[in-house]
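To start, the structure under review is shown below, and the notes come after it.
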Amino acid sequence: MNDLHGILYAYRSDANLGELTRPRNTCSLPFGGRYRLIDFMLSSYVNAGISSVGIIVHESYQSLLDHVGSGKDWDLSRKHGGLRILPPFSYAQKGGGEYRGDMAALAGVADYLQNIREDYVIMGRGDMALNLPVNKVLEQHIATGADITLVCTPILKGTPRFSEYVEMNEEGRITDLSIHPTSAANALESLRLYVISKQLLLDMVDYCSAHDIQYFSRGVLQPRIKSLKLVPYIHQGYVAQFQSISDYYQRSMELLDPAVRADLFNPARPIRTKDQSNPSTYYGPNAISRCSLVADGCYIEGEVENSILFRGVVVEKGAKVSNSVLMQGTVVKAGASLSYVITDKNVTVQEDRMLMGHHTYPLAIAKGSVV
């Protein structure tokens, strides 16, 4: 994979995720007990042997910088290549304001793109969870002679009005691209992950910049479906996308399924994250933990059922947590009861409080709150 360069979009905070993204970029959203969303695509790149990755950022990216650091935990701390954080300084100097779309984001880092040494580029979003065999995507791209390969999934999970879908003919070539339709029957959902040659990418960035085209899908792919050879790579594995608080809750609960965990955390393609070296979790003599994912460093004396607990969560004696997601540093004090609740980092639930949501409308508690 020394001929493939990785680009990750990490420049937005999705307002549809409410309290979960107010303090952070969507790509740094905690997921799965000990990970951030960006870990999944970044690990997929590294597992394929990619040694040069650029992360395009714009706003609310302090927690993202704290997490990825120099890229050491992904073996991307290197003298040549490695991990590069691409802030919007040059774009801001041109008076562009915030990025309006992915082509605008690429135009903002045009100088970086010019200096890419590899012949091919994979462009992806850092705000979804999947374990993608990137090497197979590139192999198919070269074998089919495609101008652009689009990674797609046959398992439709996104809300149509926030998603994109493709249709293909018998020869395996994309014939239609639908953006934010009302329904998505008989289509493949595009994950907005693309493999493209460096030269074609540079040509498109120049063209879009000169014609004020902001979006890759609508401004580049749709008008060129007939003139460019667009080929889908169909990813059959698990994919988690996050378009609302309810999505985040449902995708988190799916991790309690062993089959989902086996696919997403395939040991042949490990998901890497920042090492924190926490101690083992302590379970008190009367503690109960059923069908839950509990990270290191927790202190449990109460009852936990069908829940996901991040590092450093405390559940005191007499407290009960069910069907909930508790992020790092959450403290549930004695006698409190939580059901269908998502707590952000460092939330404290006081004694004997009762918090209850619903599986279709979970209750989300903002970072640092005392309830």
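Using Cβ contacts closer than 10 Å as the measure, can you line up 162, 265 from fewest to most? Can you show the working numbers first?
On the way: 162 13, 265 16.
Ordered by Cβ neighbours within 10 Å, fewest first: 162, 265.
Take every DSSP beta bridge with both residues inside the chain and express the antiparallel ones as a percent of the total, to the nearest 5.
The antiparallel fraction comes to roughly 30 percent.
Go ahead and set up a Gaussian network model of the chain, Cα springs under 10 Å, then flag whichever of 361, 99, 340 fluctuates most.
Comparing 361, 99, 340 in the GNM, the peak value goes to 361.
Given 157/333; 79/229; 136/157; 72/320, which pairs have Cα atoms separated by over 28 Å? All intermediate terms of the calculation are to be shown ahead of the outcome.
Values: 157/333 36 Å; 79/229 37 Å; 136/157 23 Å; 72/320 38 Å.
With Cα atoms farther than 28 Å apart: 157/333; 79/229; 72/320.
So for the chain, taking the charge dipole from beta-carbon charges (+1 Lys/Arg, -1 Asp/Glu), which of 99, 60, 244 sits furthest toward the positive end?
After comparing all options, I get 60.
What FRET efficiency do you get for residue 199 and residue 260 if R0 is 51 Å and r is their Cβ-Cβ distance, rounded to the nearest 0.05? Each step should come with its number before you reach the end.
Numbers: r = 39 Å, r/R0 = 0.77.
With R0 = 51 Å, the Cβ-Cβ based efficiency is 0.85.
What net charge do the residues around residue 138 carry, taking every other residue with its C-beta under 11 Å from that of residue 138, with Lys and Arg at +1 and Asp and Glu at -1? Please list the in-between numbers first.
On the way: positive: 136; negative: 3, 118, 119, 139.
With Lys, Arg at +1 and Asp, Glu at -1, the neighbours total -3.
Note the full-extension length gain between residue 352 and residue 84 as 0.36 nm times their separation in residues minus their Cα-Cα distance, in nm to one decimal.
91.7 nm
Mind telling me which of 101, 329, 124 comes out most flexible in a GNM of the chain, alpha-carbon contacts under 10 Å?
With Cα springs under 10 Å in the chain, the top fluctuation among 101, 329, 124 is at 101.
Hey, how many Å between the Cα centroid of region 336-371 and the Cα centroid of region 237-293?
Their Cα centres are 19 Å away from one another.
Counting only helical runs of four or more DSSP H residues, what would the 222 nm mean residue ellipticity of the chain come to if each run contributes -39,500 (n - 2.57) and the total is spread over all its residues?
Working: 9 runs with 75 residues, N = 371.
Helices in the chain give a 222 nm mean residue ellipticity of -5500 deg cm²/dmol.
Report the full-extension gain for the segment residue 234 to residue 186: residue separation times 0.36 nm, less the Cα-Cα distance, to one decimal in nm.
Details: separation 48, 0.36 × 48 = 17.28 nm, distance 1.41 nm.
Length gained, residue 234 through residue 186: 15.9 nm.
Long-range amide H contacts for residue 234: which residues qualify at under 5 Å (H placed 1.01 Å from N, peptide plane, sequence gap of 5 or more or a different chain)?
The list, which skips near neighbours in sequence, is 152.
Rank by packing, highest mean first: peptides 145-152, 110-117, 302-309, 26-33, with packing defined as the count of other Cβ atoms within 10 Å averaged across residues. Show your work: numbers first, answer last.
On the way: 145-152: 20.4, 110-117: 12.5, 302-309: 22.6, 26-33: 24.9.
In decreasing order of mean packing, 145-152, 110-117, 302-309, 26-33 become 26-33, 302-309, 145-152, 110-117.
Please state the relative contact order of the chain as a whole percent: Cα pairs under 8 Å, 6+ residues apart? Mind showing how you got there, number by number?
Details: 871 pairs, mean separation 57.4, N = 371.
In percent, rounded to a whole number, it is 15.
Can you tell me the dipole magnitude for region 1-123 around its Cα centre, using point charges on the Cβ only (Lys, Arg +1; Asp, Glu -1), in Debye to the nearest 20?
Computed charge dipole of region 1-123: roughly 220 debye.
Starting from 0.36 nm per residue, how many nanometres of slack lie between residue 209 and residue 282 once their C-alpha separation is accounted for?
On the way: separation 73, 0.36 × 73 = 26.28 nm, distance 5.57 nm.
Contour length minus Cα-Cα distance gives 20.7 nm.
Need the list of aspartates and glutamates near residue 317 for cross-linking: C-alpha distance under 17 angstrom, and skip anything on the same chain fewer than eight residues off.
301, 303, 305, 351, 352
Can you give me the C-alpha center-to-center distance between region 110-173 and region 1-80, rounded to a whole angstrom?
Between the Cα centre of region 110-173 and that of region 1-80, the gap is 17 Å.
Every number here is computed from the coordinates shown, using simple stated rules; none is lab data. Bear in mind the structure is a predicted one, so any value in this text is a computation, not a measurement. Reconstructed Cβ throughout: ideal geometry from the backbone, glycine too, with neighbour counts over all protein chains shown.
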